Amino acid sequence: MTIPALLEHLAFAGALAVFSALAARLMIAFPILDHPNARSAHARPTPRGGGVGVVLAFMAGMLVLFQVATFARVADGQFIGVILAAGAIAGVALVDDVRDLSARLRLAAQCLAALVAVASGLVVQKLALPWIGVVELGWVGVALTLVWIVGCTNAVNFMDGLDGLVGGTLLLASAALALVAALQGGWFVYAAALFLAAGFAGFLPFNLHPARIFMGDVGSQFAGFMLAVLAVAASRFDGLQVSFLIVPLLIFSLLFDAAFTLGRRAIMRERLAEGHRTHLYQLAQRSGVPVRVVAGVHWGFALFHAGLALAFLQLPPGFKPLVVVPALAGQLAWLGFVVRRMRVAGLGWR
């Protein structure tokens with residue numbers, strides 16, 4: 001990529017960020033209010049739905065890409081499938097922000113959107129595993145892709161409960177993904193990640209503590225879905241599709257917290273669909289760690305994981321999955337810190 005082309009892309013991303021900020025400001029002026037309850041981290045009614053700016057900025061960028069750019073195009077069927085699925089997930093999530101839809105209806109919409117993406121041809125077909133080699137996934141690849149897309153969509157959504165945490169993490173993760181994709185010549189992933197980063201850059205100033213607006217399901221579900229889809233697209237950076245691991249690595253702190261909390265609650269036989277305040281980030285905040293510090297820790301994880309992603313590119317294929325080990329070590333250290341804070345504060349897991 002030439003310097004003039006890069007500057008042109010960054011200027012366009014800047015325009016999208018302004019567009020996202022204007023949309024977020026409009027959502028503040030005409031709010032969908034989120035009233036605090038026993039599970040909330042905020043104490044006063046606060047607008048939600050600021051993720052509309054992220055969605056609009058991304059969709060605008062993708063439409064321009066489809067109309068004028070040839071360097072970052074994928075097959076039309078895949079392109080249109082991604083756009084339709086992303087639009088559908090955002091539309092249903094916005095209705096959920098307004099009317100609080102049932103969990104079953106939200107899950108059905110997510111599964112349908114995932115099916116659209118998979119039907120367009122975005123499927124993980126094989127993986128290279130340490131000491132095992134290349135494994136052809138066959139139909140298991142379709143199931144794995146569906147579970148991954150729905151799981152990632154919900155994980156990001158579950159983690160969006162503290163000012164600036166998810167918005168800042170996804171801004172850094174998207175920017176890192178754009179850089180990695182550019183280095184790998186994956187121009188569609190580069191463009192899509194750049195548009196996501198632009199959307200979050202416009203939204204984040206309004207979401208920093210104390211937040212003027214929350215992202216809402218429209219932003220968190222959309223972002224989780226798009227990053228999941230981009231992970232599948234990124235798997236084509238190499239013939240062994242081990243590059244599928246890049247996106248999970250970049251958002252590893254969000255995935256770890258969501259997975260750990262889900263597993264712990266299942267073991268403790270809690271109702272998984274019931275609201276709670278026992279994610280690690282919530283327990284850290286409840287134990288007395290300031291909101292800005294908790295969010296900053298996750299931003300730090302995002303930067304650390306971005307460095308690991310760059311190291312990932314240099315490793316031999318069979319060793320690439322092992323880059324998750326230091327990321328996991330970081331999360332286990334964070335878990336240990338939160339547990340110690342809980343003990344001092346007298347908090348339990350329920």
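Brief remarks follow.
- Carbon/sulfur fraction of accessible area - the chain, other protein chains in place, 1.4 Å, %: 69 percent
- For the chain, the Kirkwood hydrodynamic radius comes to 20.4 Å, computed from all pairs of different C-alpha atoms.
- Virtual spin-label span in nm between LEU303 and ARG286, 7 Å along Cα→Cβ: 3.0 nm
- For the chain, adding -39500 (n - 2.57) for each run of n ≥ 4 DSSP H residues and dividing by the number of residues yields -23000 deg cm²/dmol at 222 nm.
- Under 5 Å between amide hydrogens, built in the peptide plane, is the criterion, and for LYS126 it picks out LEU137 among residues at least 5 positions away or on other chains.
- Peptides ranked, highest mean first, by Cβ atoms within 10 Å: ranges 312-321, 140-149, 1-10: 140-149, 312-321, 1-10
- With θ taken as phi - 60° and the Karplus curve 6.51 cos²θ - 1.76 cosθ + 1.60 applied, the whole-hertz 3J(HN,Hα) list for segment 275-288 is x, 7, 10, 10, 5, 4, 5, 6, 5, 4, 5, 5, 7, x Hz, x standing for glycine and proline.
- The per residue volume of the convex hull around the alpha-carbon atoms of segment 229-350 is 117 Å³.
- Long-range amide H partners of ILE32 with built H, under 5 Å: ARG48
- Summary of packing: across the peptides 92-105, 172-185, 111-124, the per-residue average of other C-beta atoms within 10 Å ranks them, highest first, as 172-185, 111-124, 92-105.
- From phi via Karplus (6.51, -1.76, 1.60), per-residue ³J(HN,Hα) for segment 225-231 in Hz, x at Gly/Pro: 5, 5, 5, 4, 5, 5, 4
- In sequence order, segment 137-147 has phi-based couplings of 8, x, 5, 4, x, 5, 4, 4, 5, 4, 4 Hz under the Karplus curve 6.51 cos²θ - 1.76 cosθ + 1.60, θ = phi - 60°, and Gly or Pro positions carry x.
- When peptides 218-230, 267-279 are sorted by average Cβ neighbour count within 10 Å, with the highest value leading, the order is 218-230, 267-279.
- Using a Förster distance of 45 Å, the FRET efficiency for ILE28-MET1 (Cβ separation, nearest 0.05): 0.80
- Average accessible surface area per residue within segment 225-300, 1.4 Å rolling probe, Å²: 35 Å²
- Label positions at VAL339 and LEU63, each projected 7 Å from the Cα along the C-beta direction, are separated by 5.1 nm.
The values are calculated or read from the model by the stated rules, or taken from the named source; none is laboratory data. Just so it is clear, the model here is predicted, and its values are computed rather than measured. Glycine also receives a Cβ, built like all others from the backbone with ideal geometry; neighbour counts cover every protein chain displayed. Accessible surface is based on the protein model in full, side chains and every heavy atom, while ligands, DNA and RNA are left aside. Shrake-Rupley method; radii C 1.70, N 1.55, O 1.52, S 1.80 Å.
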